[in-house]
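Taking it in order: structure first as structure tokens, then the write-up.
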Amino acid sequence: MVASNENGNDEAYKHYSNVLRLLREHHSWFNRCIPLIASENVPSPAVREAIVSDFANRYAEGWPGERVYAGCIYIDQVELICIELAKRVFRAEFADVRPVSGVVANLAVYAAFTEPSDTMLALAIPNGGHISHGKREHSGTAGLVRGLQVETFAFNKEEMNIDVDATIKKVEEMKRNSNDSKVPKLAMFGASLFLFPHPVKELADYLRSNNITICYDAAHVAGLIAGNEFQDPLREGADVMTMSTHKTLFGPQGGMILSFEKYAESIKKAVFPGNTSSHHLHNVAGKAIALAEMLAFGRDYARQVVRNAKALAEALYNLGFDVLGAKHGFTRSHQVAVDVSRYGDGGSIEQMLERAGIICNRQLLPGDIKAGRNYKHPGGIRLGTSEVTRLGMREQDMVEIARFIKRVVVDREEVSKVANDVMELRKDFQKVHYAFDDNVGAYEYISLVKER
Ligand SMILES: *Cc1c(COP(=O)(O)O)cnc(C)c1O
């Protein structure tokens, strides 16, 4: 069909074409940018192929072999491969690859291991906690959806980490001062602002002796864990580990839960029917491919991601930026946190950088709330090296990026000039690395309809 307006559908066609045009423009824009959002990555051509396949249009509720629908012959085989790969990559007894996102994976864990009104220990949001760990009054998932009471880990700003002794003291206090329901049932490690490994090992015995289940939210660092670069929560005492599949893992967007056989049944029920109906089978196929890529290239990738993050942090520090975590070499993850409050608020700096083609996000930092700042106007920015590493960038490119950031934020150079140099740098990084195939560009637009 070529005609657009035979039935007076001019308006519909206008919107239709407009969306397709905007998709193309996004792709061409991303081809000129430096992507530094810590929660993002770029998938391989193979993962992209999986997610436009017909799996996207099917239902397969339940577990492979025990489906509620027919038509799952190939879907079941792919899901079993995905489960095996997930278990292998994370050395886990049990994997559920169905959660459609990291938040849904967390919800399933809340459902499997807690009852409404139970208490959970988690990081406060300005200290790096995720909104899915949050209190009801902040519309956090744990509080609002599962009805959990959330108590926070004691946090040490200099260390940028959970304070072990102060946390034990806090739990002891809770035990003394209240009835049973106030003693935590679940401890949620992991964070969104996540520079250093959490003290799972240091707290595990104490938590276990108080019957507190230990969950580790690896949404951000799953790819580093898979590549043996960060920490190994399931060996350090975690009972269960949740994650997103698209931050330091290779995509597509989705979630996963890893755990031990003894928890398998309760987790399975919590995922389906508890928290999902359709579990987005194209993404299961994409996850399987991404996990195979991790198995083959994960070690090299994770090592370079962390090297790049350290190089970026050091370069920014050397240019005069206030980089967090100085005491421990700035970072051991893919993230770099910078206090930019000397130059303006994180929100406006994020916008300036975007105009220069540097895509990152504003970040609430420890102490921001006390200083009267908020999540819209925080004191920091967060930079992540997961995606630029996938594009093949190395330490010397991080030094270049740090200079671009300084030119925008400190020197207030005209953003279009910086944008040009950003584009120049990107010209050499057009393909996805750490993948079996690279026959289309990282952000190459693949069209299935006629050119407009
Ligand atoms: C990103 C993130 C999530 C949520 O992941 P989605 O896949 O976006 O739902 C959960 N926990 C933490 C710590 C995160 O940073």
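Meeting the requirement of 2 or more residues that are among the charged types (D, E, K, R) and more than 16 Å from the ligand (Cβ to nearest atom), the helices (runs of 4 or more DSSP H) wholly within segment 209-302 are 233-236, 264-269. Against the conditions (1) within 21 Å of the chain's Cα centre (by Cα); (2) not in a loop (DSSP other than H, G, I, E, B), Glu151 satisfies every one except (1). It is to be established whether one or more residues within segment 357-365 are modelled with pLDDT of 95 or more, closer than 24 Å to Pro45 by Cα, among the β-branched types (Val, Ile, Thr) and open to solvent by 10 Å² or more (accessible area, probe 1.4 Å). Checked segment 357-365: at least one residue is modelled with pLDDT of 95 or more, closer than 24 Å to Pro45 by Cα, among the β-branched types (Val, Ile, Thr) and open to solvent by 10 Å² or more (accessible area, probe 1.4 Å). Restricting segment 222-236 to residues that are open to solvent by less than 10 Å² (accessible area, probe 1.4 Å) and not hydrophobic (A, V, I, L, M, F, W, C), the residue that is farthest from Asn275 (Cα to Cα) is Gly227. Residues that are of a type outside the set (D, E, K, R) and part of a loop (DSSP other than H, G, I, E, B) were ranked within segment 182-193; the one that is farthest from the ligand (Cβ to nearest atom) is Val183.
If you go through segment 194-204 one residue at a time, do you hit one that is within 16 Å of the ligand (Cβ to nearest atom), assigned to a helix (DSSP H, G or I) and either among the aliphatic types (A, V, I, L, M) or in contact (Cβ under 8 Å) with a residue 12 or more places away in the chain (or both)? Steps first, answer last, please.
Start the filter on segment 194-204 by keeping residues that are within 16 Å of the ligand (Cβ to nearest atom), which leaves 194-198, 200.
Still in the running and assigned to a helix (DSSP H, G or I): 200.
In the following step, the residues that additionally are either among the aliphatic types (A, V, I, L, M) or in contact (Cβ under 8 Å) with a residue 12 or more places away in the chain (or both) were identified as 200.
Yes, segment 194-204 has at least one match.
The residues of segment 382-412 that are closer than 12 Å to Leu312 by Cβ, open to solvent by less than 10 Å² (accessible area, probe 1.4 Å) and not in a helix (DSSP H, G or I), listed by number, are Leu383, Gly384, Thr385, Met393.
Taking every residue in segment 343-370 that is over 16 Å from Ile401 (Cβ atoms) and of a type outside the set (Lys, Arg) and pairing it with any residue that is open to solvent by 10 Å² or more (accessible area, probe 1.4 Å) and in a loop (DSSP other than H, G, I, E, B), at least 6 positions away or on another chain, the pairs with Cβ-Cβ distances below 6 Å are Asp345/His377; Gly347/Lys376; Gly347/His377; Leu364/Tyr375; Pro366/Lys157.
Please specify each residue of segment 345-358 satisfying the condition of being part of a loop (DSSP other than H, G, I, E, B) and more than 15 Å from Glu413 (Cα to Cα). Please lay out each step first, then the result.
Initial filter on segment 345-358 (part of a loop (DSSP other than H, G, I, E, B)): 345, 356-357.
Within segment 345-358, just Asp345 meets the criteria.
Go through Glu84, Glu115, Glu137 for me and flag whichever is open to solvent by 30 Å² or more (accessible area, probe 1.4 Å), within 21 Å of Leu234 (Cβ to Cβ) and away from the ligand (no atom under 16 Å from the Cβ).
On the way: Glu115 fails: within 21 Å of Leu234 (Cβ to Cβ); Glu137 fails: within 21 Å of Leu234 (Cβ to Cβ).
After ruling out the rest, the residue left standing is Glu84.
Is it the case that Glu151 is open to solvent by 40 Å² or more (accessible area, probe 1.4 Å), on the phi < 0 side of the Ramachandran plot, touching a helix residue (DSSP H, G or I) at 6+ places or on another chain (Cβ under 8 Å) and not β-branched (Val, Ile, Thr)? The answer is yes for Glu151.
It is to be established whether one or more residues within segment 32-43 are of a type in the set (Ser, Thr, Tyr), within 30 Å of Ser132 (Cα to Cα), more than 16 Å from the ligand (Cβ to nearest atom) and not assigned by TED's automatic domain parsing to the domain that holds Ile359. Outline the logic, then answer.
Residues of segment 32-43 of a type in the set (Ser, Thr, Tyr): 39.
After this cut, where a residue has to be within 30 Å of Ser132 (Cα to Cα) as well, the list is 39.
Cutting the leftovers down to more than 16 Å from the ligand (Cβ to nearest atom) gives us none.
No, segment 32-43 has no match at all.
With respect to Asn106, is the statement that it is under 17 Å from the mean Cα position of the chain (by Cα), touching a residue at least 24 places away in the same chain (Cβ under 8 Å) and more than 11 Å from the ligand (Cβ to nearest atom) true? In short, no. Applying the criterion of being assigned to a loop (DSSP other than H, G, I, E, B) and of a type in the set (S, T, N, Q) to the residues of segment 34-57, the residue that is surrounded by the fewest Cβ atoms within 10 Å (Cβ to Cβ) is Ser53. Evaluating Asp165 against the criteria (1) at pLDDT below 95; (2) open to solvent by 40 Å² or more (accessible area, probe 1.4 Å) leaves one unmet condition, (1).
Being assigned by TED's automatic domain parsing to the domain that holds Ala315, more than 22 Å from the chain's Cα centre (by Cα) and of a type in the set (Lys, Arg) narrows it down to one of Arg394, Arg390, Arg373, Arg362, so name that one. Even if it seems obvious, please write down each step before you answer.
Working: Arg394 fails: more than 22 Å from the chain's Cα centre (by Cα); Arg390 fails: more than 22 Å from the chain's Cα centre (by Cα); Arg362 fails: more than 22 Å from the chain's Cα centre (by Cα).
Going through Arg394, Arg390, Arg373, Arg362 in turn, the sole match is Arg373.
What number of residues within segment 140-165 satisfy the criterion of being more than 16 Å from the ligand (Cβ to nearest atom) and among the small types (Gly, Ala, Ser)?
So in segment 140-165, the residues more than 16 Å from the ligand (Cβ to nearest atom) come out as 147, 149, 151, 154, 156-159, 163-165.
If we keep only those that are among the small types (Gly, Ala, Ser) as well, we get 147, 154.
Going through segment 140-165 one residue at a time, the tally reaches 2.
Look at (1) in contact with a helix residue (DSSP H, G or I) (Cβ under 6 Å, 6 or more places away or on another chain); (2) open to solvent by less than 30 Å² (accessible area, probe 1.4 Å); (3) within 23 Å of Lys269 (Cα to Cα) and you find that Val109 fails only one, number (1).
Selection of segment 325-354 for residues being open to solvent by 30 Å² or more (accessible area, probe 1.4 Å) and of a type in the set (A, V, I, L, M) yields only Ala326.
So for segment 88-100 (the condition being part of a helix (DSSP H, G or I) and either of a type in the set (Lys, Arg) or within 10 Å of the ligand (Cβ to nearest atom) (or both)), does at least one residue qualify? If you could, list the steps in order and put the result at the bottom.
Step one: of segment 88-100, the residues part of a helix (DSSP H, G or I) are 88-90.
Now restrict to residues that are either of a type in the set (Lys, Arg) or within 10 Å of the ligand (Cβ to nearest atom) (or both): 88.
Yes, there is a match, as at least one residue in segment 88-100 is part of a helix (DSSP H, G or I) and either of a type in the set (Lys, Arg) or within 10 Å of the ligand (Cβ to nearest atom) (or both).
The values are calculated or read from the model by the stated rules, or taken from the named source; none is laboratory data. Everything quoted here is computed from the prediction, not taken from an experiment. Heads up, the Cβs are rebuilt from the backbone with ideal geometry, glycines too, and the neighbour counts pull from every protein chain shown. For the accessible areas, the whole protein counts, side chains as well, though only heavy atoms, and no ligand, DNA or RNA atoms are used. Shrake-Rupley method; radii C 1.70, N 1.55, O 1.52, S 1.80 Å.
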